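The values are calculated or read from the model by the stated rules, or taken from the named source; none is laboratory data. Here the structure is a predicted model, which is why all the values come from computation and not from measurement. Please note: Cβ atoms are built from the backbone with ideal geometry, for glycine as well, and neighbour counts cover all protein chains shown.
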Amino acid sequence: MAECAFDVVGVGNAIVDVIANVAEQYLVDYDMVKGSMTLVEADDALLMYDRMPPGVEISGGSAANTAAGIASLGARSAYIGKVRNDQLGEVFRHDMRAGGVEFATEPAGSGEPTARSLVHVTPDGERTMNTCLGISAFLSPDDVDADLVASAAITYCEGYLWDREVAKDAIRFAMEVAESAGRVVSLTLSDSFCVDRHRDEWLELIGSHVGLVFANEAEVCSLFEVDDVDRACSLLAEMVDVAAVTRSEAGSVVLSRGDRFDVPATPVARVVDATGAGDLYASGFLYGLSTGASLARCAELGSIAAAEVITHLGARPLVPLHGLI
């Protein structure tokens with residue numbers, strides 16, 4: 001097997017987040033399902049943006065956040081995602097590169113604008129997102145650098161991207177390249193609503209191409225249409241080499257080849273914004289894998305990274321994560 005140039009390459013949406021604090025009543029007034037991610041068209045996104053309270057703009061996207069966290073931990077990360085040659089596209093490209101992530105996907109010269117996600121954060125730190133995927137949803141196999149994928153030890157794919165056929169083809173292509181190169185293929189389920197939309201396809205994908213799955217309790221239960229989290233985790237563990245399931249303040253559970261590791265969450269004084277907690281958990285876990293850590297230690301590193309990101313607004317770390325481990 002050829003030596004790896006990168007520890008992890010992420011494949012997913014390239015989004016700029018607009019994050020604002022709102023009251024619980026705000027979600028009620030505008031008929032938002034708390035904790036969900038809802039896809040919206042560009043015109044609706046503009047209306048929502050106009051009525052949002054003042055906020056901050058930070059480059060995001062689930063797998064992109066994970067890639068940024070991996071770089072902050074000191075590993076070699078790269079990213080594949082699609083932006084337009086517009087202002088937000090340049091913001092995204094700059095932020096990724098400034099954070100130490102290799103990002104070389106060429107911007108599109110026409111079509112939809114760069115994606116943006118309107119993130120509403122309630123006082124308990126929960127986030128409710130309305131996302132316009134824009135050009136990001138049109139990532140195609142032509143945008144996937146096969147040499148880059150083959151050069152990474154782990155290919156990490158984002159479930160949020162699985163909504164258009166062309167993007168599905170891009171993910172399948174990346175997974176096939178990684179498999180052919182003898183690399184680890186990983187998938188994050190992203191959101192229980194995503195699971196509801198794509199359950200049958202994902203069960204087939206996981207059973208045939210994926211070795212490592214990240215999910216939270218709601219997502220894994222939705223995948224198997226059961227209410228018992230332990231049962232759902234066991235079913236997932238039968239399909240993959242490693243399953244990592246996050247449980248919010250209860251920590252996480254990792255299952256692999258009959259072994260189970262229950263790892264507590266890293267305590268924090270106050271949750272400010274839960275945005276990116278799962279993304280950064282994956283950062284720590286994948287970093288641990290890249291350094292040969294045990295699965296229990298991988299989960300600990302995931303908890304440490306997640307704990308940092310939930311103490312402030314935004315889904316990317318504000319301090320170098322390597323200093324925390």
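Beta carbons closer than 6 Å, at least 6 apart along the sequence or on distinct chains, pair a first residue in segment 272-289 that is under 19 Å from Ala218 (Cα atoms) with a second that is among the aromatic types (Phe, Trp, Tyr) for Ala282/Phe214.
Go over the candidates Ala274, Ala293, Ala315, Ala265 one by one and state the one that is touching a Lys or Arg at 6+ places or on another chain (Cβ under 9 Å), under 24 Å from Ile154 (Cα atoms) and part of a loop (DSSP other than H, G, I, E, B).
Checking each option against the conditions leaves just Ala315.
Of all residues in segment 212-228, those satisfying the criterion of being part of a loop (DSSP other than H, G, I, E, B) and over 18 Å from Ser252 (Cα atoms) are Glu225, Val226.
Quick grid of which residues meet (1) in contact with a strand residue (DSSP E or B) (Cβ under 6 Å, 6 or more places away or on another chain); (2) free of Cβ contacts under 8 Å to residues at least 40 places away in the same chain; (3) at negative phi:
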{"site": "Ser117", "(1), (2), (3)": "yes, no, yes"}
{"site": "Val121", "(1), (2), (3)": "yes, no, yes"}
{"site": "Asp145", "(1), (2), (3)": "no, no, yes"}
{"site": "Ala153", "(1), (2), (3)": "yes, no, yes"}
{"site": "Tyr160", "(1), (2), (3)": "no, no, yes"}
{"site": "Glu165", "(1), (2), (3)": "no, yes, yes"}
{"site": "Arg172", "(1), (2), (3)": "no, yes, yes"}
{"site": "Val184", "(1), (2), (3)": "yes, no, yes"}
{"site": "Phe193", "(1), (2), (3)": "no, no, yes"}
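Identify the residue in segment 1-19 that is assigned to a loop (DSSP other than H, G, I, E, B) and surrounded by 13 or more Cβ atoms within 10 Å (Cβ to Cβ) and, among all such residues, is modelled with the lowest pLDDT. Give the derivation first.
Of segment 1-19, the ones assigned to a loop (DSSP other than H, G, I, E, B) are 1-5, 12-14.
Adding the requirement that they be surrounded by 13 or more Cβ atoms within 10 Å (Cβ to Cβ) leaves 4-5, 12-14.
Working: Cys4: 92, Ala5: 96, Gly12: 97, Asn13: 95, Ala14: 96.
Ranking the candidates gives Cys4 first.
So which residues in segment 104-127 are out of contact with any Ser or Thr (no Cβ under 6 Å at 6 or more places or on another chain), in a strand (DSSP E or B) and within 20 Å of Ser190 (Cβ to Cβ)? So that I can check it myself, show each step before the final result.
Just the residues of segment 104-127 that are out of contact with any Ser or Thr (no Cβ under 6 Å at 6 or more places or on another chain), to begin with: 104-114, 116, 118, 121-126.
Add one more test, that the residue is in a strand (DSSP E or B), and what stays is 108, 116, 118, 121.
Of everything in segment 104-127, those that are out of contact with any Ser or Thr (no Cβ under 6 Å at 6 or more places or on another chain), in a strand (DSSP E or B) and within 20 Å of Ser190 (Cβ to Cβ) turn out to be Arg116, Leu118, Val121.
May I ask you to verify whether Val272 is loosely packed, with under 15 Cβ neighbours inside 10 Å, under 30 Å from Asn21 (Cα atoms) and not aromatic (Phe, Trp, Tyr)? Taking the combined requirement at face value, the residue does not satisfy it. Just to verify a result, which residue in segment 290-318, among those that are free of Cβ contacts under 8 Å to residues at least 24 places away in the same chain and aliphatic (A, V, I, L, M), is surrounded by the fewest Cβ atoms within 10 Å (Cβ to Cβ)? Checking each candidate, the answer is Leu318. The sole residue among Tyr156, Tyr160 that is of a type in the set (Phe, Trp, Tyr), farther than 23 Å from Ala20 by Cα, within 17 Å of the chain's Cα centre (by Cα) and not in a loop (DSSP other than H, G, I, E, B) is Tyr156.
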